[in-house]
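I have placed the structure first, in the form of structure tokens, so that the comments after it can refer back to it.
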Amino acid sequence: MDDRISRIRAKLAQAAESPALLEAFGAKAHAYRLKPTLSEAEVAAFEAEHEVALPAEYRLFLLEAGDGGAGPSYGLVPLREAVDWDDDPVGFLAAPSYLADGVAYQDEEYGELPEPRQGSLAIVHHGCAYYTQLVVTGPGRGQLVSINADWCDPPYVSEDPDFLTWYERWLDELLAGYSVTDFGLKLPGDETALLAILAGDPDPDRRQRAAHPMPSAASAAAGTARRR
């Protein structure tokens, strides 16, 4: 088993043992437990049906960790449900996604953008019309994107490089005492890295996002105590 999957399993077990963490937004829906894994044949059948190759890190998670369950907000959506959109045409998942890292999509241009769900899986529902999508085609393949399905906000491409990094960061922030309610909109990085962005990054949007996830000293200390 990949070391990252082993770490994730251990951190999920730690979270499941904490009654306090069940009070996090959406946690009671999954109780920090994953659903059974998929077989290689099941994953390959999905890829053949939709004419895509799933990003390697997400594929590994499905095979060695679980197919849905524990995750941000209401948890990870099982693979077969991640494309269950009433209005998705045939080939929608295989069509190239235009979403990519390093692009800041603005409100004023949002109405002119193509369908942001194209070429991506809806892997987390955060409530209302907010979702985290995993891009499976195009230049941003393998990255996570926060969208609003009612088109109220522009897409936000996470700076995490892949699914396993993103997922483990959610667990690390949870166990460290961060608020994970708006996890999909936050920047990665420890407190030192986030303070550096706040102090010197020229991008006002990155400075705002860097401030958002920072824990209080008390919550950080509590998270450290829980890990001991």
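Assess whether Ser73 counts as being in contact (Cβ under 8 Å) with a residue 12 or more places away in the chain and under 20 Å from His126 (Cβ atoms). Spelling it out, Ser73 is indeed in contact (Cβ under 8 Å) with a residue 12 or more places away in the chain and under 20 Å from His126 (Cβ atoms).
Residue by residue, here is whether (1) at positive phi; (2) outside any helix (DSSP H, G or I) holds:
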{"residue": "Tyr32", "(1), (2)": "yes, yes"}
{"residue": "Leu38", "(1), (2)": "no, yes"}
{"residue": "Ala41", "(1), (2)": "no, no"}
{"residue": "Glu47", "(1), (2)": "no, no"}
{"residue": "Tyr58", "(1), (2)": "no, no"}
{"residue": "Leu62", "(1), (2)": "no, no"}
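Can you find, within the range 157-212, the residue that is least open to solvent (accessible area, probe 1.4 Å) among those that are within 26 Å of Leu22 (Cβ to Cβ) and among the polar types (S, T, N, Q)? The selected residue is Ser158. In the range 17-30, of all residues being in a helix (DSSP H, G or I) and touching a residue at least 24 places away in the same chain (Cβ under 8 Å), the one that is least open to solvent (accessible area, probe 1.4 Å) corresponds to Leu21. Contact annotation: residue pairs with Cβ atoms under 7 Å, 6 or more positions apart or on different chains, pairing a residue in the range 196-211 that is more than 19 Å from Ser179 (Cβ to Cβ) with a partner that is among the basic types (Lys, Arg) and part of a helix (DSSP H, G or I), are Asp201/Arg207. Residues in the range 36-56 that are open to solvent by less than 50 Å² (accessible area, probe 1.4 Å) and in contact with a helix residue (DSSP H, G or I) (Cβ under 7 Å, 6 or more places away or on another chain): Leu38, Val43, Phe46, Leu54, Pro55.
Here's a check for you: in the range 122-139, which residue that is of a type in the set (Ser, Thr, Tyr) and closer than 18 Å to Arg169 by Cα is surrounded by the most Cβ atoms within 10 Å (Cβ to Cβ)? Across the range 122-139, the extreme among qualifying residues is Thr132. Scanning the range 1-16 for residues that are open to solvent by less than 70 Å² (accessible area, probe 1.4 Å) and not hydrophobic (A, V, I, L, M, F, W, C), which turns out nearest to Tyr130 (Cα to Cα)? The extreme case among them is Lys11. Restricting Gly119, Gly142 to those that are modelled with pLDDT of 95 or more, touching a Pro at 6+ places or on another chain (Cβ under 6 Å) and open to solvent by less than 20 Å² (accessible area, probe 1.4 Å) reduces the list to Gly142.
The values are calculated or read from the model by the stated rules, or taken from the named source; none is laboratory data. Values in this document were obtained by computation on a predicted structure and should not be read as measured data. Cβ sites come from the backbone with ideal geometry, for glycine too, and all protein chains shown count toward neighbours. Quick note on the areas: whole protein, heavy atoms, side chains included, nothing else; ligands and nucleic acids left out. Shrake-Rupley method; radii C 1.70, N 1.55, O 1.52, S 1.80 Å.
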